[in-house]
Amino acid sequence: MDNSLQEKFAVWLEKAVADPDLLPELKAMEGDGAKIEDAFYKDLEFGTAGLRGVIGAGTNRMNVYVVARASQGLSSYVLRHFAPEQRRIAISYDSRIKSDVFAKIAAEVFAANGIKAFIFPQLMPVPCVSFATRYLKCAAGIMVTASHNPSKYNGYKVYGADGCQMTSEAANEVLGEIEKLDLFADSKRIHFEEGLEDGRISLIPDEVYTAFVEEVKKQSVVGDAPIDKNVAIVYSPLNGSGLKPVLRTLKEEGYTNITVVKEQEQPDGNFPTCPYPNPEIHEAMALGMEYAAKYNADLLLATDPDCDRVGIAVKDKDGGYQLLTGNQTGMLLTDYICARRTENGTMPEDPLVVKTIVTTDMVEQIAAHYGVRTVNVLTGFKYIGEQIGLLEKQGKESSYIFGFEESYGYLSGSYVRDKDAVDASFLICEMFCYYKTRGISLLEKLDELYRTHGYCLNTLYSYQFEGAAGFVKMKEIMKDFQTAGITEFGGRKVETLLDYNTGIDGLPKENVLKFLLEGHGSVVVRPSGTEPKLKTYVTVSAPDKEAAVAIEQKIVEDIKKRINNI
C-alpha cells in the first residue's frame, strides 16, 4: 500500500472525531491495506451530479467531512458569482441514512459563509428542491440523496439558480474550490439551532410545497373528456420521500382508491424489503405486485427514494401483472400528451419533446405523427432541463411539452428542471383512467403504437466494477470499444460509430459511444456517472417481438464476450 494512503489514514484516526460512527470504522480498518486503499485511494468525485458514494470513513466515502468540504467549495462559488441579496441556497433530503445529518451540515456551512440557507422541515423529493430553488430565487439548491442506489450509498446533488443540475463548467469551478481546502481545517460552520434562532437558516414554508403540488396538478391534459377515476391503485414510495406529495396530488385530483404498500410506506434508509430501491428492476417492484394481486388493483406505481423516477405495472389479459419499461411508459405518455393536446387545441407553436440519446428512437416517430419535433440530448436529465432553460431565454418555454429518459424519469412541465415522479405518477393515473374509461388497456394501447410505428426492443445491461481495480478496468473496456474497429454485433453490421467524446451535434463532450447498426438498431456503451457500472443499451427494430428478441440475444452475446475478454 502507498505510504501516502497510510499517512491519510493516520490523519483521519487522529482528527475524525465529529461523527461517532467513523472512529470505530477507522479502527476496524487498521492493518487491512485493501480496505484502507479503497477508502482513501481518491477523493470522492464532485461532478455535474455532485457527490455520490458509500457512506463511511475516508476521502472516497460520504461523511460529514466530505459534505462540509463540498459545501464550503460551493459557498466560495456562490460568493464569487452572486450579489449579497442573491446568496441563498435551498436544501432538501430524502430518507437515506444520514441524509438529514448531511443536509443540516450543509446548511451550517452555508450560513457560516454569509449565505442564507433554506431547508425543508421534512424530507422532500428531488423535484421539490428544483422548484424551491427557483421559487425562493436562490443561487443554488442541494438535494441529499443517492437516488435509487443501495442503502450503503448517499449523495449530494447540486442545482443551479435555474433549477437544473449544475453545468459542467460550474461543477469544475466548484471542484477547483473544493480541492484548495483542507478536509478538517477549512470548512466554516455554525450550530444549526443558532442559525435558526438568528435567521441565517430558515425552514422552507409550507406555501412552497403547496405551490409545487398546484403546478403538478396543472399538468393535466385530459381537458373536458369524461374519465372514471375510481380505479384501484397500489402505490409504493419504496421507503422514500414520495409518500406525501404523490398521495396528496392524486387525492386532490380525485384518485382516492389507493392502497399503499405498508412495508414500504414509511421512510427507512435501510430499505428492508427492497435492498436495491430502483423501480427499474423487478425485485424492487415484487412486493407491490403481490399487493396488486391481493387487492385486485388496476395499476401499480412505485417511486424511488428521492421520487424522481416511477415504475408501473398493469394487469394483463390473463389477470397477471406486467411491468412496463421506462421506454414503454415514456412512449405511452408521449402519445397521450400529444393526442390530448391536439384534440383540446392546446398544442403550442413549434412543440417539442426532449429525450436522451439512449432513450428509444421510436419516440421520434410518435412525436412526428403529431407534428412534434424531437430533440436528442446526452444522458442525464440535466440536459433536458437545460433545453427548457434555452427555450425560456427565447420566450418559447411553452413549446416544451414532454421530456423523458429510459431510466424511468419524466417531466411534462417547465415548473421544475429535473425529472419529477410526482408529475409522472399523476399523468400515468390520468392516462390509465382515460383509456380504461374507453375500454382500452395500456398494453392494448402499446400494441397499437407498435402496429402503427413498428416494433422496437430496447434493453439495458449493466456490468459491475467495484473499487480501484474496477475503475481501471472500465477505462480499458471503453478504450477497446472505441479503438478496436468493431465491424458487427451479433451479425448486424456497424454502419457508424458516434464517439461523443469528440462533441457531436453541438453537445458537450461525453464518454459515450453509440454504434449505429444496419436495420435501425444501435448499441450504446457508457460508464455510469453515479455507480461503479458500465452500461450497455441495445436497440433492435424488427417486424415483431420474437424476431427482435432473437437478434438482441446475439448482439448481447457479442458484447459480453468482448467485455469478458478484456
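The values are calculated or read from the model by the stated rules, or taken from the named source; none is laboratory data. Keep in mind that this is a model prediction, so the values were computed, not measured. Virtual Cβ from ideal backbone geometry, glycine too; neighbours counted across all protein chains shown. We work out accessible area using only protein heavy atoms, side chains counted, and drop any ligands, DNA or RNA first. Shrake-Rupley method; radii C 1.70, N 1.55, O 1.52, S 1.80 Å.
Here Arg189 meets the list (1) more than 21 Å from Gly409 (Cβ to Cβ); (2) not in a loop (DSSP other than H, G, I, E, B) almost entirely, failing just condition (2).
Any idea which residue in the stretch 515-566 is least open to solvent (accessible area, probe 1.4 Å), counting only those that are hydroxyl-bearing (Ser, Thr, Tyr) and in a loop (DSSP other than H, G, I, E, B)?
From the stretch 515-566, those hydroxyl-bearing (Ser, Thr, Tyr) are 522, 528, 530, 536-537, 539, 541; that's our starting set.
Next cut, in a loop (DSSP other than H, G, I, E, B) only: 528, 530.
Working: Ser528: 18, Thr530: 38 Å².
Once the filter is applied, the top-ranked residue is Ser528.
Selection of the stretch 174-189 for residues being more than 14 Å from Phe110 (Cα to Cα) and open to solvent by 60 Å² or more (accessible area, probe 1.4 Å) yields Glu179, Lys180, Asp182, Ala185.
Return the residue satisfying two criteria in turn: it lies in the stretch 486-505 and is assigned to a loop (DSSP other than H, G, I, E, B) and open to solvent by 60 Å² or more (accessible area, probe 1.4 Å), and of such residues it is nearest to Ile357 (Cα to Cα).
First, the residues of the stretch 486-505 that are assigned to a loop (DSSP other than H, G, I, E, B): 486-487, 490-491, 503-505.
Now narrow it down to the ones that are open to solvent by 60 Å² or more (accessible area, probe 1.4 Å): 487, 505.
Working: Thr487: 21, Asp505: 12 Å.
Ranking the qualifying residues of the stretch 486-505, first place goes to Asp505.
Contact map, the stretch 17-33: first residue closer than 14 Å to Ile55 by Cα, second residue open to solvent by less than 70 Å² (accessible area, probe 1.4 Å), Cβ cut-off under 6 Å, separation 6 or more or different chains; pairs are Asp19/Val64; Leu22/Ala16; Leu22/Ala57; Glu25/Gly56; Glu25/Ala57; Leu26/Trp12; Leu26/Leu13; Leu26/Ala57.
Looking at Ser241, Ser187, can you tell me which residue is of a type in the set (Ser, Thr, Tyr) and under 25 Å from Glu290 (Cβ atoms)? Break it down into steps so the answer makes sense when it comes.
Working: Ser187 fails: under 25 Å from Glu290 (Cβ atoms).
Step by step, each of Ser241, Ser187 is checked, and only Ser241 is of a type in the set (Ser, Thr, Tyr) and under 25 Å from Glu290 (Cβ atoms).
Against the numbered list (1) part of a strand (DSSP E or B); (2) buried (at least 21 other Cβ atoms within 10 Å of the Cβ); (3) not charged (D, E, K, R), Tyr461 comes up short only at (2). Applying the criterion of being touching a helix residue (DSSP H, G or I) at 6+ places or on another chain (Cβ under 9 Å) and closer than 26 Å to Ser441 by Cβ to the residues of the stretch 262-283, the residue that is surrounded by the fewest Cβ atoms within 10 Å (Cβ to Cβ) is His282. So, Val416, is that one among the β-branched types (Val, Ile, Thr), part of a helix (DSSP H, G or I), touching a residue at least 12 places away in the same chain (Cβ under 8 Å) and buried (at least 24 other Cβ atoms within 10 Å of the Cβ) or not? For Val416, the condition - among the β-branched types (Val, Ile, Thr), part of a helix (DSSP H, G or I), touching a residue at least 12 places away in the same chain (Cβ under 8 Å) and buried (at least 24 other Cβ atoms within 10 Å of the Cβ) - is not met. Scoring Pro305 on the criteria (1) more than 17 Å from Phe404 (Cα to Cα); (2) part of a helix (DSSP H, G or I) leaves a single failure, condition (2). The residues of the stretch 73-84 that are open to solvent by 10 Å² or more (accessible area, probe 1.4 Å) and either touching an Asp or Glu at 6+ places or on another chain (Cβ under 8 Å) or at pLDDT below 95 (or both), listed by number, are Ser76, Tyr77. Here the stretch 41-72 is the region considered, the condition is being out of contact with any helix residue (DSSP H, G or I) (no Cβ under 7 Å at 6 or more places or on another chain) and among the β-branched types (Val, Ile, Thr), and the residue that is least open to solvent (accessible area, probe 1.4 Å) is Val66. Any idea how many residues of the stretch 206-254 are open to solvent by 30 Å² or more (accessible area, probe 1.4 Å) and assigned to a helix (DSSP H, G or I)? Selection size over the stretch 206-254: 10.
For the stretch 284-318, the set of residues classified as of a type in the set (Asp, Glu), farther than 22 Å from Leu332 by Cα and touching a residue at least 40 places away in the same chain (Cβ under 8 Å) consists of Asp306 only.
In the stretch 85-101, the residue that is least open to solvent (accessible area, probe 1.4 Å) out of those that are in contact with a helix residue (DSSP H, G or I) (Cβ under 6 Å, 6 or more places away or on another chain) and within 28 Å of Glu25 (Cα to Cα) is Ser92. Residues of the stretch 419-433 that are in contact with a Phe, Trp or Tyr (Cβ under 7 Å, 6 or more places away or on another chain) and either hydroxyl-bearing (Ser, Thr, Tyr) or more than 15 Å from Gly242 (Cα to Cα) (or both): Cys429, Met431.
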